[in-house]
Structures are given as C-alpha cells and as structure tokens.
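Below: one structure, written as structure tokens.
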Amino acid sequence: LIEVAGPADVADASAVLDEVGKRAAEWRADAEAIGMVGVSYGGGLALLGAAHDARVKCAASLSGWGNLTRALAGQAAPNQVWFDILMSTSILVGRPDPQIHAMWESLVSAVVDPAANVDPLLAWAEERSPEAFAAKMCGRRLPVLVSNNAQDELFVSDAALMLRQTLHGAGCRVQLLINQGVHAMAELPSLAGIGGLVAHQPVWDETLRFMQAHLRPSKEPPPATAQQGEVGHPHPPSRPAIRFQLRSPEGIFVAPRFVSYDRWPPREQEAVSLRLGQ
C-alpha cells in the first residue's frame, strides 16, 4: 500500500532497521552506523525515518520534499500534472491508498472555496512533512544532506532552501546541493546504469562522502572530483554548506561547475530597501 510516507511507511523503515540489527553479524553490518538515503519518495521517507528512529545517524534526501502541502500546492496552486503522474506511477508499482485521492480533492476544493474545512488535509500533510519533525531530528544534531534540482517542478529548489533553513535553524548540520535538471535527473543516470552516457554528476559522490564523514569518520573520503571548476568561497575543512550547479547550454553532457557558500543568505548579498513614492 502506497500511503505517501505516512506512519505505516515510517514503521516499515524502522522494521528494516530491526532486521539489520538481528542479522548484523551475518551481513557484516554495523548497527551503530546507520544512514538513510532516498530519491524522490524515498528522499522524504529517509528524513521521516530518521526523525522517528534515533538509530539513524544521518540522512540524505535526494529530490525529496520538506513540506508536503508546499510541494503539492505551492502558492495555493495545486499541481495537477504532477499529481496525475505520481498517481499513474503508483498504480503501476503498487496500490495507492484511497485516502490520497480524497485528500487531493480536499486540497483542490480548499483553493476554490476558502471556507472549506482543511484541518484533516493539513493534519494528513503535516504527518508526512519532514519539516514538522525538525525538533526531533535536530534535537540530536542529525547530519542531513538535501539535494534537489533547479528545474524540478514537483519538489522545487526554493522549497529545498526553505527545508535547509528550517533544519539549520533547529540545530541540524545541513549540507545543501542544488543541481541542474528536472525531477531526479541528477540521480537517475547512475541509478539506471547509464551514467557513462552523460557527464559525471557529483550527487552520488557527495552522498557517499557525506555518509562516510558521519558514519565512518576515520575512513579516507572519496576523491573530491566534484570540486573541479568550482567558484565562490574557498572550501573549508568540511564540505561547503551550500552548493549551486551553474547552468550550461550543454546541460548534462558537460562536466558540471558549482558555486559554493558557507551560509545562506550569502555574505555578499546586500539588503536594498526600495520606497514607493508618496
């Protein structure tokens, strides 16, 4: 049953960790060094799983979300195209929870009728929004990697920045990576085994580096090939807090270049006040 990273999905994630603990010796796994990584649906679930299970020592959300209401209806504009795509996909790979359609209809109705009761919808979405559990994650200073893509119209990059700011403000150690491409495009070529057909994308290098840094800090990190061509701030001893891939006309067929910042908003940004005429 596909229920959009709700309580049953989160319980499944914890059940996986239970199994790892039982079979740690057989699998030669270290049950004290567990990280969660996911792409898209799995990205949101990785953060939610980490929020609800303290056995998770770090989490990486790749093309995931922080706030489900913002993702599906940013600026009070329900994203019908992406909802239809996600529902069609869920039917192909599983059984979507009937509640999903009910909540979507409630969302659309609320846009048309401001007097509509949206309390059940907001409660449903909040339970599936990692931002709502920032205090649980960040109370233990959980390291988090957030990676999203600039042309993603489902989980937009602005929302990734908002997630980063929320988690950072709550005390998490957050690394943000904004890549070029549409939804999950930076991650999929390597997952599909066709990474050699496009220019090397650093998202998986960064994810591996992040996991090793927080789960195996004594291990030698992978080569920092992704730093080549980088502009902006010089690199601190740890990875830059925020990295943006620069747009190229050749897209995914040329080696990516990034600009780095150690904080957000960047130090170079100046506040400008504009006053309308009296």
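The values are calculated or read from the model by the stated rules, or taken from the named source; none is laboratory data. Just so we're clear, the structure is a prediction, and the values are computed from it rather than from any experiment. With ideal geometry, Cβ positions are generated from the backbone for all residues, glycine too; neighbour counts draw on all protein chains shown. Each accessible area value is taken on the protein alone, full model and side chains, heavy atoms only, with ligands, DNA and RNA left out. Shrake-Rupley method; radii C 1.70, N 1.55, O 1.52, S 1.80 Å.
General observations
- Test set (1) in a helix (DSSP H, G or I); (2) in contact (Cβ under 8 Å) with a residue 12 or more places away in the chain; (3) out of contact with any helix residue (DSSP H, G or I) (no Cβ under 8 Å at 6 or more places or on another chain); (4) among the hydrophobic types (A, V, I, L, M, F, W, C) - LEU47 fails condition number: (3)
- When SER61 is tested against (1) in contact with a Gly (Cβ under 6 Å, 6 or more places away or on another chain); (2) at positive phi; (3) of a type in the set (S, T, N, Q), only condition (2) is not met.
- The residue that is surrounded by the most Cβ atoms within 10 Å (Cβ to Cβ), counting only those in the range 11-40 that are modelled with pLDDT of 95 or more and within 24 Å of VAL156 (Cα to Cα), is MET36.
- Selection status of LEU68, free of Cβ contacts under 8 Å to residues at least 60 places away in the same chain and not acidic (Asp, Glu): no
- Of all residues in the range 197-209, one or more are polar (S, T, N, Q), at pLDDT 90 or above and under 29 Å from ALA33 (Cβ atoms).
- In the range 41-58 there is at least one residue matching the filter, namely being buried (at least 19 other Cβ atoms within 10 Å of the Cβ), β-branched (Val, Ile, Thr) and more than 15 Å from GLY6 (Cβ to Cβ).
- Going through (1) in a loop (DSSP other than H, G, I, E, B); (2) at pLDDT below 80; (3) open to solvent by less than 40 Å² (accessible area, probe 1.4 Å) one by one, PRO234 falls short only on (3).
- Boolean, ILE91 is modelled with pLDDT under 85, assigned to a helix (DSSP H, G or I) and crowded, with 16+ Cβ neighbours inside 10 Å: no
- Only one of the numbered conditions (1) modelled with pLDDT under 95; (2) within 27 Å of GLN151 (Cβ to Cβ); (3) open to solvent by 30 Å² or more (accessible area, probe 1.4 Å) is not met by ALA8, and that is (2).
- If only residues of the range 94-107 that are part of a loop (DSSP other than H, G, I, E, B) and not basic (Lys, Arg) are counted, the one that is nearest to LEU48 (Cα to Cα) is ASP97.
- The range 127-182: number of residues that are β-branched (Val, Ile, Thr), buried (at least 16 other Cβ atoms within 10 Å of the Cβ) and at pLDDT below 95: 1
- Qualifying residue in the range 95-102 (condition: touching a residue at least 12 places away in the same chain (Cβ under 8 Å), open to solvent by less than 70 Å² (accessible area, probe 1.4 Å), within 23 Å of ALA184 (Cβ to Cβ) and of a type outside the set (Asp, Glu)): yes
- Some residue of the range 62-77 being of a type outside the set (D, E, K, R), assigned to a loop (DSSP other than H, G, I, E, B), open to solvent by 20 Å² or more (accessible area, probe 1.4 Å) and in contact with a helix residue (DSSP H, G or I) (Cβ under 9 Å, 6 or more places away or on another chain): yes
- The range 110-142: number of residues that are among the basic types (Lys, Arg) and closer than 24 Å to ILE2 by Cα: 1
- Every test in (1) over 20 Å from the mean Cα position of the chain (by Cα); (2) at pLDDT 80 or above is passed by VAL118 save one, and that test is (2).
- Test: SER218 is at pLDDT below 75 and either surrounded by 13 or more Cβ atoms within 10 Å (Cβ to Cβ) or within 23 Å of the chain's Cα centre (by Cα) (or both): no
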